[in-house]
Amino acid sequence: MNNKLKNLVKGIIDVSPLMIPVVPFGIIYGVIGMDLGIGPYMTLGLSIIIFGGASQIVLLQLFSGGASTLVVLSSVGAVNARHVLYGAVLSEHLSSLKLSWKIILSYVMTDQAFAVSNNYFKKKGKDANEHYHLLGSGFTCWSIWQISTILGIVLGSVVPEELGLSFTISLTFLALLISDFRKFKNIIVMFVSGLVATIGFNTIPFKAYIIVAALSALIVATLLTLTDLKKK
Amino acid sequence: MHWSLIIYAGIITFVTRFSMIFLLKKDILNDKAKKILSFVPAAIFPAIIFPPIFLDDNGTVDLENNPKILAAIFAIIVGYLSKNIIATIFAGLISYWFLIFFYF
């Protein structure tokens with residue numbers, strides 16, 4: 001097996017366990033899209049064009065709440081801010097690639113693909129074909145996300161509304177934060193965000209509560225980080 | 001919904017992923033910036049999580065007649081103990097179904 005294929009297969013294998021929660025998330029997203037009445041093409045269209053679970057859910061939630069385009073888009077931008085970090089961390093390994101490679105790898109760079117491929121790059125020494133690992137992990141995420149979206153679209157017409165599947169949005173995001181539950185500072189940041197959003201839901205104009213809450217929480221996070229660094 | 005909204009959102013998502021890979025030759029963000037960026041999920045996800053749990057259909061805070069709060073607490077406990085994403089989601093969902101069918 002040549003080196004490229006080896007890296008590609010390793011990427012697929014490494015990311016596979018992380019795909020287990022992606023399946024229910026994708027199905028829920030598809031069901032919700034159908035529930036909100038945007039139809040099967042748009043529901044799948046979001047998954048292909050945006051390809052980011054959190055962004056897609058936020059877009060649907062704010063859109064159905066009557067938010068303006070500007071608020072929807074800036075909220076999507078805020079949700080995606082973490083990808084800037086991923087890009088900065090990976091740039092060292094990807095900077096010598098051709099532009100077309102950078103475009104393809106950026107499109108498939110999800111939380112899960114970043115997590116496993118960054119790990120792989122760190123462990124592995126210099127390897128000109130290491131980016132095939134990210135290609136493998138990224139496209140595995142992509143395929144699973146599209147398939148589970150389609151499953152959700154099909155199920156969306158048969159799942160009864162009484163089951164309260166919209167609650168699973170909250171649960172899914174909650175589950176994504178479990179690694180933060182044991183860090184005291186992160187808990188403070190989470191409470192600031194949640195509290196500002198809940199209070200601001202009706203009082204902050206233009207449905208901008210997500211952005212306002214996120215910015216307030218990030219200011220608190222910055223203060224906590226700076227005071228911590230001073231101590232050292 | 002208009003397709004243009006989806007395309008703009010797609011471009012924004014892509015640009016956040018692409019920007020640093022395109023611009024940086026190597027990792028130049030300092031540790032402080034990285035530490036702060038690592039708080040982004042904790043800063044943003046609760047803003048998505050809290051309002052649908054605590055607010056009723058009229059947008060007022062509902063603390064009493066609200067199975068979602070109890071189910072979310074149960075999910076947090078399971079998440080804290082198990083550190084397992086799927087277990088957390090299912091614990092919340094199953095306890096929510098149990099509560100709405102038997103108590104609320």
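Things to note:
- Test: residue in region B:45-55 that is closer than 18 Å to residue A:67 by Cβ, of a type in the set (Val, Ile, Thr), assigned by TED's automatic domain parsing to the domain that holds residue B:72 and out of contact with any Cys (no Cβ under 8 Å at 6 or more places or on another chain): yes
- In region A:177-214, residue surrounded by the fewest Cβ atoms within 10 Å (Cβ to Cβ) [restricted to those that are touching a residue at least 60 places away in the same chain (Cβ under 8 Å) and at the interface with chain B (Cβ under 7 Å from one of its Cβ atoms)]: A:214
- Matching residues, region A:141-153, being farther than 19 Å from residue B:89 by Cβ, in contact (Cβ under 8 Å) with a residue 40 or more places away in the chain and surrounded by fewer than 21 Cβ atoms within 10 Å (Cβ to Cβ): A:142, A:146, A:150
- Boolean, residue A:166 is farther than 23 Å from residue B:99 by Cα and either at the interface with chain B (Cβ under 7 Å from one of its Cβ atoms) or surrounded by fewer than 20 Cβ atoms within 10 Å (Cβ to Cβ) (or both): no
- The condition of being in a helix (DSSP H, G or I), surrounded by fewer than 14 Cβ atoms within 10 Å (Cβ to Cβ) and either of a type in the set (A, V, I, L, M) or at pLDDT 90 or above (or both) holds for only one of B:81, B:5, B:70, B:63, that being B:81.
- The residues on offer are B:91, B:42, and the sole one that is facing another protein chain (nearest Cβ under 7 Å), crowded, with 17+ Cβ neighbours inside 10 Å and assigned to a helix (DSSP H, G or I) is B:42.
- Among the residues of region B:8-24, the one identified as in contact with a helix residue (DSSP H, G or I) (Cβ under 7 Å, 6 or more places away or on another chain) and either more than 7 Å from chain A (Cβ to nearest Cβ) or not in a helix (DSSP H, G or I) (or both) is B:24.
- Unique match (being facing chain A (nearest Cβ under 7 Å) and either out of contact with any helix residue (DSSP H, G or I) (no Cβ under 8 Å at 6 or more places or on another chain) or in contact (Cβ under 8 Å) with a residue 24 or more places away in the chain (or both)) among B:68, B:34: B:68
- Helices (runs of 4 or more DSSP H) wholly inside region A:38-150 containing at least 2 residues that are within 7 Å of chain B (Cβ to nearest Cβ): A:39-49, A:53-64, A:69-94, A:99-107
- Filtered residues of region A:17-41 (kept if closer than 30 Å to residue A:122 by Cβ and touching a Ser or Thr at 6+ places or on another chain (Cβ under 7 Å)): A:19, A:22, A:23, A:25, A:26
The values are calculated or read from the model by the stated rules, or taken from the named source; none is laboratory data. The model shown is predicted, which means the values in this text are computed figures rather than measured ones. Backbone-built Cβ (ideal geometry, glycine too); neighbour counts: all protein chains shown.
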